[in-house]
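Read the structure below first, then the notes.
The values are calculated or read from the model by the stated rules, or taken from the named source; none is laboratory data. Fair warning: this is a prediction, and the values are worked out from it, not measured in the lab. Every residue, glycine as well, gets a Cβ built from its backbone with ideal geometry; the counts of neighbours run over all protein chains shown.
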Amino acid sequence: MVKKMNIVIVGLGNIGSYFYNYLNKNKNIIFNKTNTIPNILFVSAKSLSKKRNFNLPKKIWLKNSLSAAKIKNVDIIVELIGGSEGPAKKLVFAALKNKKHVITANKALVSKYGDQLSKIAEKNKVNFEFEAAVCGGIPIIRSIKEGLIANNINKIYGILNGTSNYILSSMDEEKLEYNEALLNAKKLGYAESNPDSDINGDDVAAKLKILTALSFNSFINNKTILVEGIKDIDQTDINNANKLGYKIKLIGVAESDSNKITQRVHPALIEKNSYIAKINGVLNAVIVESNPAGKTVLQGEGAGPGPTTSSLVSDLCSILRGNVKFPFVLSEKKRKFAIFKNIKDKKFSVYLRLDVKDKNGILSDITKIMAKNRVSVKRLIQNPTLNKKNASIIIITHEAKSSSFEKVLTVLKRKNYTVNHPKIIRIEKT
């Protein structure tokens, strides 16, 4: 007898619609690879009457999406609603409690409630799959859970958000100001009408927290993480970076040092000849440093219906094959309460930009403030501004503690000779 598993798709936006059509057209391919037929039993969304570019049979429409969790012959629920609260949260919790397998692309939900959901899935011996929640079509989660399962990971980092990467790439390649690049991103569909999550670093932070838990066998840590976005990056910074031999990228980094984990999201100056510096447009790239594999690099499209569907189907096939696995590699009992620390003691070299009044003695005062806080100058460039009454001072520092730079900034912000807020961008070695 041919095995069949019944699926409910909840959410028919761009991704949900693409996924629905893909399954309908490729059932035989999936069956040949899994020996199980993926049968779409129901679909559910906000409105049946919404215009779509495909025919949706009324007989498979489920008016109340939450009821899917209680329908006996439903095996798998695919949640594509989005958001960490509301209907998405209620549906996923209810589905796992009712012993339904769950597939989701919802990074906000996984990063906030992943530990609780994982525990329920493990208890009820069902799968909770979320490959599509991180970096679209890049199989980074499955790579960590399976391909690199024998490795001791010490660092995972990269470009995890296509919107911010497109904006920074456009500013660099097309010499656009930030607002112009953002507007173009919206027009092309790379940025939402409200792009705050992408540009303020929250999207990267959600993905990084998931990758951290997977990489270091820890529980998700939502508290100890540095999150900075790209709103303050301007064309002057882009030009300065180029002159100094760098590119500016928004990166996410999680690393373990002496059994203590740090998580950070921030713009960084990356040497222009490095691999990460050459990742442009909406592409994502993730680098895993581990033993014995060494450095593993995964690159691809980080968003969009096609790449996301690729990951959703990967999760689906894993379930159709009958593989029930722990959502975070280890069982809940074996995962650890790792020690997470902030980055105040971590050392960086930084790019320090100061727009100041062009007067005698200012540079001397700045270097004294830096020396007092144990920050030394490695390279210094002084440029007059267009009105010639001000000057722009660019300093590349030697390595110093992150907390030292915070103290320097605090003092400099109070000085009456500063025209704009002083700006620091960390320099990242990759």
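Some notes on this structure:
- Residue in region 267-287 that is surrounded by 20 or more Cβ atoms within 10 Å (Cβ to Cβ), of a type in the set (Asp, Glu) and in contact (Cβ under 8 Å) with a residue 24 or more places away in the chain present: no
- One residue stands out among those in region 311-330 that are β-branched (Val, Ile, Thr) and modelled with pLDDT under 90: the one that is nearest to the chain's Cα centre (by Cα), which is VAL329.
- Selection status of ILE37, over 20 Å from GLY137 (Cα atoms), at pLDDT 90 or above and under 31 Å from the mean Cα position of the chain (by Cα): no
- Filtering ASN39, ASN24, ASN73, ASN55 for residues that are surrounded by fewer than 19 Cβ atoms within 10 Å (Cβ to Cβ), of a type in the set (S, T, N, Q), assigned to a loop (DSSP other than H, G, I, E, B) and touching a residue at least 12 places away in the same chain (Cβ under 8 Å) leaves a single hit, ASN73.
- Some residue of region 83-95 being basic (Lys, Arg), in contact (Cβ under 8 Å) with a residue 24 or more places away in the chain, over 21 Å from GLY322 (Cα atoms) and outside any loop (DSSP other than H, G, I, E, B): yes
- Qualifying positions in region 331-362 - within 30 Å of LYS123 (Cα to Cα) and either at pLDDT 90 or above or buried (at least 16 other Cβ atoms within 10 Å of the Cβ) (or both): GLU332, ARG335, ALA338, ILE339, PHE340
- Of all the criteria given as (1) under 17 Å from the mean Cα position of the chain (by Cα); (2) farther than 28 Å from LEU91 by Cα; (3) not charged (D, E, K, R), the one not satisfied by ILE138 is (2).
- Within region 363-392, considering residues that are assigned to a strand (DSSP E or B) and in contact with an Asp or Glu (Cβ under 8 Å, 6 or more places away or on another chain), the one modelled with the highest pLDDT: SER392
- Selection over region 379-406 of residues that are farther than 12 Å from PHE348 by Cβ, under 33 Å from the mean Cα position of the chain (by Cα) and surrounded by fewer than 17 Cβ atoms within 10 Å (Cβ to Cβ) gives a count of 1.
- Positions within region 192-207 being crowded, with 22+ Cβ neighbours inside 10 Å and out of contact with any Lys or Arg (no Cβ under 8 Å at 6 or more places or on another chain), in sequence order: ASP198, GLY201, VAL204, ALA205
- Residues (in contact (Cβ under 8 Å) with a residue 40 or more places away in the chain, touching a helix residue (DSSP H, G or I) at 6+ places or on another chain (Cβ under 8 Å) and among the hydrophobic types (A, V, I, L, M, F, W, C)) located in region 220-240: ILE220, ILE225, ILE230, ILE233, ILE238
- Only one of ILE29, ILE15 that is touching a residue at least 60 places away in the same chain (Cβ under 8 Å) and part of a helix (DSSP H, G or I): ILE15
- Taking the conditions (1) part of a helix (DSSP H, G or I); (2) at pLDDT below 95 in turn, ALA191 satisfies each one other than (1).
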